[in-house]
Amino acid sequence: MSIQNFGALPDGDHVLRATISGHGLTVSVLTLGASVQDIRLEGVDHPLVLGFPTLEPYLGEGRYFGALVGRYANRIAGGRARLGGETLDLDRNQDGRHMLHGGHDGTGTRNWMLASEAPDMVALADHLPAGHMGFPGAMLVRAIYRILPGPELSLTILATADELTFCNFAQHSYFNLDGTPTIAGHSLHVPAQSWLPVDADMIPLGPPAPVEGTHLDFRHAEPLGPRLDGPPIDHNLCLSDRRRIYPQKAATLQAGRLMMTIRSTEPGIQVYTANHFAPGAPGIGGHPYGRHAGIALESQNWPDAPNHADYPSALLKPGELYRQVTTLGFQTCA
């Protein structure tokens with residue numbers, strides 16, 4: 001376990017980087033956004049996530065890289081939602097029209113507190129005041145990254161609030177398992193039968209639709225290369241109609257002999273193939289990231305659930321404990 005100063009924010013606050021290791025896995029986490037900055041697997045000579053060696057890119061092009069986004073991950077249409085008989089007026093940080101990832105000061109952009117650490121574990125905490133980004137209720141959030149045998153990186157997110165509010169967090173790493181410029185050589189399996197069609201602003205249009213016959217059908221492992229030339233992929237795949245108590249398989253990503261399996265308690269997973277990336281600052285692999293340089297696999301509640309009574313509930317009652325567990329398991333195949 002090591003803790004280093006990663007740089008200072010414009011307000012002078014310092015960002016720390018905590019590096020934990022165990023069972024052949026080494027993970028670096030920033031206090032900024034509770035972000036996974038680097039993942040290394042013993043015997044593999046390249047990073048497994050996209051990230052940057054310095055702080056500055058995280059304030060611009062690298063916003064959300066590896067971050068823990070919330071208090072409501074993904075989008076809320078029009079920055080409005082009904083709660084307790086009232087209409088919430090939320091921060092509209094997507095083109096001035098919609099809320100994205102909890103607003104401009106969502107947890108993915110905030111500098112969390114380093115709460116505790118051990119050789120194979122780091123815990124971070126954040127406090128969101130009542131009214132923050134338009135949400136009622138003061139909220140305490142804790143994120144615990146721990147390396148387990150496997151090797152496996154486990155993330156447990158705990159949150160409580162003192163008023164009725166909405167709660168939905170997602171880990172926003174971009175994965176690249178083979179160290180090549182794009183994910184074209186990867187295959188993806190997601191055991192989802194349906195997906196959420198969206199409009200031009202990426203807002204869900206209504207009920208789920210079957211994945212069968214679409215470019216979002218990953219019920220069997222499919223190579224990503226041919227899919228990258230088709231319609232852009234940035235959609236929620238529906239794994240279940242409610243949050244689960246225990247993590248279940250959400251996705252498997254494979255490149256060559258290296259396989260990563262995601263398990264999660266969450267009912268959806270946002271699959272995004274980095275369609276908008278353009279080369280900028282060099283990443284931790286030493287080169288800039290271009291289009292399709294990585295893939296985000298974000299375990300989450302369904303987007304815009306506060307505005308859809310038939311979606312899994314994102315309500316968090318006063319004193320209730322929100323608990324998300326998402327794990328990344330790594331395996332080298334024969």
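The values are calculated or read from the model by the stated rules, or taken from the named source; none is laboratory data. Quick caveat: nothing in here was measured; it's all calculated off a predicted structure. All Cβ positions, glycine included, derive from the backbone under ideal geometry; neighbour counts span all protein chains shown. For accessibility, only protein heavy atoms count, side chains too; no ligands or nucleic acids. Shrake-Rupley method; radii C 1.70, N 1.55, O 1.52, S 1.80 Å.
The apolar share of the surface of segment 231-334, taken as the fraction of accessible area on carbon and sulfur atoms (1.4 Å probe, ligands and nucleic acids excluded), comes to 55 percent. For the chain, modelled as a GNM whose springs connect Cα atoms under 10 angstrom apart, the maximal fluctuation among Asp126, Asp229, Asp105 occurs at Asp229. Basic side chains Lys and Arg get +1 at the Cβ, acidic Asp and Glu get -1 at the Cβ, and with that the dipole of the chain about its Cα centre reaches some 500 debye.
If you take the alpha carbon atoms of segment 65-151 and fit the smallest convex hull around them, that volume is 118 Å³ per residue.
Among 80-90, 162-172, sorting by the average number of other beta carbon atoms lying within 10 angstrom of each residue, highest first, gives 162-172, 80-90. The Cα atoms of segment 245-285 give a gyration tensor whose axes a ≥ b ≥ c have a/c of 1.5 or more with a/b greater than b/c, which makes the shape prolate.
Amide H contacts under 5 Å for Gly66: His172, Ser173, Tyr174, restricted to partners 5 or more places along the chain or on a different chain, H placed in the peptide plane at 1.01 Å from N. Comparing Leu68, Leu315, Leu124 in a Gaussian network model of the chain where C-alpha atoms under 10 Å apart are linked, the largest mean-square fluctuation is found at Leu315. In order along segment 195-203, the Karplus-derived 3J(HN,Hα) couplings, from 6.51 cos²θ - 1.76 cosθ + 1.60 at θ = phi - 60°, round to 9, 9, x, 10, 8, 5, 8, 6, 9 Hz, and Gly and Pro are given as x. Looking at the chain, the accessible area is 39 square angstrom per residue; that uses a 1.4 Å probe and ignores ligands, DNA and RNA.
Dipole magnitude for segment 158-276: computed about the Cα centre from +1 point charges on Lys and Arg Cβ and -1 point charges on Asp and Glu Cβ, it is near 520 debye. Please report the relative contact order for the chain, taking Cα pairs under 8 Å with a sequence separation of at least 6, and give it as a percent rounded to a whole number. Computed value for the chain: 18 percent relative contact order. In units of the rule-of-thumb radius 2.2 N^0.38 Å, segment 119-240 shows an alpha carbon radius of gyration of 1.35.
Each of Leu50, Leu30, His98 was scored by the projection of its Cα onto the charge dipole of segment 1-127, and the greatest displacement toward the positive side belongs to His98; charges sit on the C-beta of Lys, Arg, Asp and Glu. Using C-alpha pairs under 8 Å with a sequence gap of at least 6, the mean separation divided by the residue count of segment 70-203 gives a relative contact order of 20 percent.
In this rough spin-label picture, where each label sits 7 Å from Cα along the Cβ direction, the Thr87-Glu61 distance is 4.0 nm. Structure remark: mean-square fluctuation, Gaussian network model of the chain, C-alpha springs under 10 Å; the largest value among Gly294, Gly131, Gly103 belongs to Gly131.
For the chain, the normalised intensity computed at q = 0.09, 0.11, 0.12, 0.13 Å⁻¹ comes to -0.43, -0.65, -0.79, -0.95 (log10 of I(q)/I(0), Debye sum over alpha carbons, equal scatterers, no solvent). Using the alpha-carbon positions of segment 209-300, Rg (one decimal) and Dmax (whole number) come out as 14.5, 41 Å.
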